[in-house]
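Okay, so here's the structure we're looking at.
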Amino acid sequence: MNELTPERLFDLDLRKRSEHAAGLKAVAISVKHVEEYMHFGEGMHALLKLNQKNGFDCPGCAWPDPDGRRSPIAEYCENGAKAIAEEATNLRVTPEWFARHSIEEMGAMTDFELGKSGRITHPMYLAPGATHYAPVSWDDAFGIIAKELNALDSPDEATFYTSGRASNEAAFLYQLFVRQYGTNNLPDCSNMCHESTGTALSETIGIGKGTTTLQDLHEADLIIVMGQNPGTNHPRQLNALEKCKRNGGRIISINPLPETGLMKFIDPQSPLDILKRGTKLTDLFLQVKINEDMSLVRAICKILWEEEKKAPGTVFDQEFIETHTSGYAEWIKMLEATDLTECLVGCGVTEKLVHEAAGIIHGSEKIVLCYAMGLTQHENSVDVIKEMVNLLLMKGSIGKPGAGICPVRGHSNVQGDRTVGVWEKLKPELRESLRANFNFEPPAEDGYDVVNSIKAMHAGKVKVFFGLGGNIVSAAPDTLFTAEGLRKCNLTVHISTKPNRSHVVHGRNALILPCLGRTEKDVRAAGEQFVSCENSMGVVQMSKGVLEPKGEHLRSEVAIICGVATSTLDDKTTVDWTAMASDYDNIRDAIASCVKGFERYNERVREPAGFYLPNGPRNRRFGTDDGKAHFSVPPLSNHQLATGEYLMMTVRSHDQYNTTIYGMHDRYRGIHNERRVVMMNEGDMAKAGLQAKDKVDLTSEYDGKLRHARLFQVVPYPIPAGNIATYFPEANTLVPITRTARGSNTPISKSVRVRIEKIEELFL
């Protein structure tokens, strides 16, 4: 039995790919999920408050809400409705459930089955050698944590992971506790997704996040969407793309897979859109090979440079370049030496289409570039993002309305967690603020990120793993290696709402601490509380749950952190944890004192649409050493595949959000009732002697180590030759812990070299 990724197949059903995203079908599926897992009236009440100014923030993605009027019908998408049904489910995982299901039995469940079990109702403890979790009191749970943490030889022997679901308030308290405990070991999910963004943008424009507002997308002449599937992962972005088209803008999409959501969108709230069968979004689709975005953009820049030389100042924004940038001469020198043919061969896009894309960019003054993990999870991701910045700087498309760079974040508050201090690198200004406001000496040395935490656990250097949300086993690379590291710990702790794979892979002791969800009311000593989140575009707004808690023993993330801190630090603490837990205004006052941009936090967060955090590049104020945006000279990618090798990227299905599996279908791609699939070019299939639904094993080899992902089925798909796509977390076991993005240490989940071997029926 493989408790990491159960090797079971269901009944794969291949259908025609969807021709459009959203529409009435999405409405029907949203309602179905609510009906199936919630009391219908309760579900409708929650949905009407979702992403509203007086409601709560979606626990799904971080797409921004309109600053002005919001739809009174539905300010959410299909996957937002699924997220609510998942969190506010009527199903319960009680102590009796754990008594019926051993660790071994839980391990045999798929991630879908585990998640659908229901909400955890009580704190649970797995004692050394035990086969079942058993209930434990909150005080005893805090005592176990305190005992293990205080028994370590050094605070650096513990690591404290954070999911992007944690609120600003919880995240700030978490990092405050961890740093007063004495370590900067604060890995978070950003390490595995947009860390490359933070590195690249900090070095080029002086801020580690995007520069756009939602209005910028509406006003753009051109939106370029790269390495992203908004129809599944950020569905409300489709509304913004549609508004851009309605206002006369154009859209170029660049991706190895043709994604339905970028092709055609039917707004389910628009009768006219329904009648006319939707809006065509993409004007030009460039099907680039996996991780050849650099070659493609370099080719476009080369073509445009040749035009600029013929008529200086007609293609490039020379005034912006001269006034606001540095490194231009070196970049031009690189373009002069660039071999256009080499770039075209590398990217796999025809010369005609590349010239067409260059022509559209030439004629556009206001350009927004949107991207996601299709660009951030490669060894050269930092360089790739810098190349995207080069294109925008060339056109002067940063720091003006309708233009800028837009990294689209996944988790609802992953950006906010980083803003309030969750990072293994403690910024000097925050270190000084913590020292001044709380009268202790924060640790100065950098801590462990996700990859280095896993390596440290594996090496016996980290003995306690604490997770504030998330599902580290299913999210992290190199699943077997990650699991081995967790099993070497003395204690693993997870603040969770529902069972997940990380509860199965545990240390000598293990705790599950059940918390309130985003949908639920949070009543403390000072009355009903609210929290706040930062979206992808730097807006901080309040989030206040509307449903009754799903169990009387649940505690808020804030309350749990304060309980752990009080028990662990005891009389050594300088923080009034009781006051923080009683009234979250106290937390926000502390944040306002410590983090720039949060001045008058309690006042401004109560404004109906929240407030924007400072963003210098929006006003052409770049936070670099010289105060200018930097052109870069990154090298081209160089993928050398041996005979029989393919370059694999891991992706989500439509019934999935990060590691949470809502269902077994990927209807936009026409893949139903199965997740263990390999999307493969039909020409490659013919060469390998494979047919649809053939069963195969996958292997990767890095640094002399073989990694295996067994029992997958082949799906014919329009993907470039030599490339394949699989779903995560099922294929994460193939992602090597030893290969990460240069400069950010992000796992290379989007460009893994693999081999495919057909399984003969007699071996099944």
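No value in this document is a laboratory result; all are computed from the given coordinates. Since the model is a prediction, treat every value here as computed from it, not as a measurement. Cβ sites come from the backbone with ideal geometry, for glycine too, and all protein chains shown count toward neighbours.
Quick notes
- Under 5 Å between amide hydrogens, built in the peptide plane, is the criterion, and for Met648 it picks out Ile724, Val752, Arg753, Val754 among residues at least 5 positions away or on other chains.
- Among 503-510, 320-327, the peptide with the highest mean count of other Cβ atoms within 10 Å heads the list, and the full ranking is 503-510, 320-327.
- Equivalent ellipsoid semi-axes - Cα gyration tensor, the stretch 639-763, angstrom: 21, 19, 14
- Per-residue packing, averaged as other Cβ atoms within 10 Å, sorts the ranges 685-691, 517-523, 455-461 into the order 517-523, 455-461, 685-691, beginning with the highest.
- Distance (nanometres) between label positions extended 7 Å along Cα→Cβ at Ala686 and His708: 3.3
- Seen from every direction in turn and averaged, the convex hull around the alpha carbons of the stretch 696-764 projects onto 5.7 nm².
- Taking every DSSP beta bridge that has both ends in the chain, the antiparallel portion is near 45%.
- For Gly670, residues with placed amide H under 5 Å, excluding near neighbours: Ser18
- Of the chymotrypsin sites (Phe, Trp or Tyr not before Pro) found in the stretch 599-661, no site is in coil according to DSSP while having at most 12 other Cβ atoms within 10 Å of its Cβ.
- Alpha-carbon centroids, the stretch 678-719 and the stretch 480-531: separation in whole Å: 35
- Farthest toward the positive end of the dipole of the chain, out of Asn615, Ser18, Val136, is the Cα of Ser18, where the dipole comes from beta carbon charges about the Cα centre.
- The overall shape of the chain, judged from the alpha-carbon gyration tensor, is rounded, with an a/c ratio under 1.5.
- Inter-probe distance in nm under a simple model that places probes 7 Å from Cα toward Cβ, at Ala525 and Phe440: 1.9
- Table column - 3J(HN,Hα) (Hz), the stretch 603-620, Karplus curve with 6.51, -1.76, 1.60, x for Gly and Pro: 6, 6, 5, 7, 5, x, 10, x, 8, 8, 7, x, 8, x, x, 4, 10, 6
- Relative contact order for the chain, counting Cα pairs under 8 Å that sit 6 or more residues apart, in percent: 22
- Stretchable slack from Lys425 to Asp589, in nm (0.36 nm times residue separation minus alpha-carbon distance): 56.7 nm
- Averaging the sequence gap over all C-alpha pairs within less than 8 Å and six or more residues apart, then dividing by the number of residues, gives the stretch 556-658 a relative contact order of 10 percent.
- The chymotrypsin sites (Phe, Trp or Tyr not before Pro) of the stretch 275-318 include none that DSSP puts in a loop with a beta carbon having at most 15 other beta carbons within 10 Å.
- The stretch 371-417 and the stretch 32-111: distance between their alpha carbon centers, rounded to Å: 29
- Listed from fewest to most Cβ neighbours within 10 Å, the set Phe142, Phe172 follows the order Phe142, Phe172.
- Inter-site label distance for Ser270 and Asn247 at 7 Å from Cα along Cβ, in nm: 1.4
- DSSP-loop trypsin sites (Lys or Arg not before Pro) across the stretch 203-282, with at most 12 other Cβ within 10 angstrom: Lys276, Arg277
- Cross-link pairs Lys53/Lys498; Lys693/Lys758; Lys264/Lys302 - those with Cα-Cα distance over 19 Å: Lys53/Lys498; Lys264/Lys302
- Rounded to the nearest 20 debye, the dipole size of the chain about its Cα centre is 1140 debye, using +1 on the Cβ of Lys and Arg and -1 on the Cβ of Asp and Glu.
- Taking θ as phi - 60° and the Karplus parameters 6.51, -1.76 and 1.60, the scalar couplings of the stretch 307-318 work out to 6, 4, 4, 5, 9, x, x, 8, 10, 8, 8, 5 Hz in sequence order, x denoting glycine and proline.
- Going by neighbour counts of Cβ atoms within 10 Å, the residues Tyr37, Tyr76 line up, fewest first, as Tyr37, Tyr76.
- Take every DSSP beta bridge whose two residues both sit in the stretch 195-407; close to 10 percent of them are antiparallel.
- Prolate/oblate/rounded call for the stretch 77-229, Cα gyration tensor, a/c under 1.5 rounded: oblate
- Dimensions of the stretch 195-407 from C-alpha coordinates, computed as largest minus smallest value along each principal axis and given longest first, are 53, 36, 35 Å.
- Between the stretch 653-671 and the stretch 267-339, the alpha-carbon centres lie 32 Å apart.
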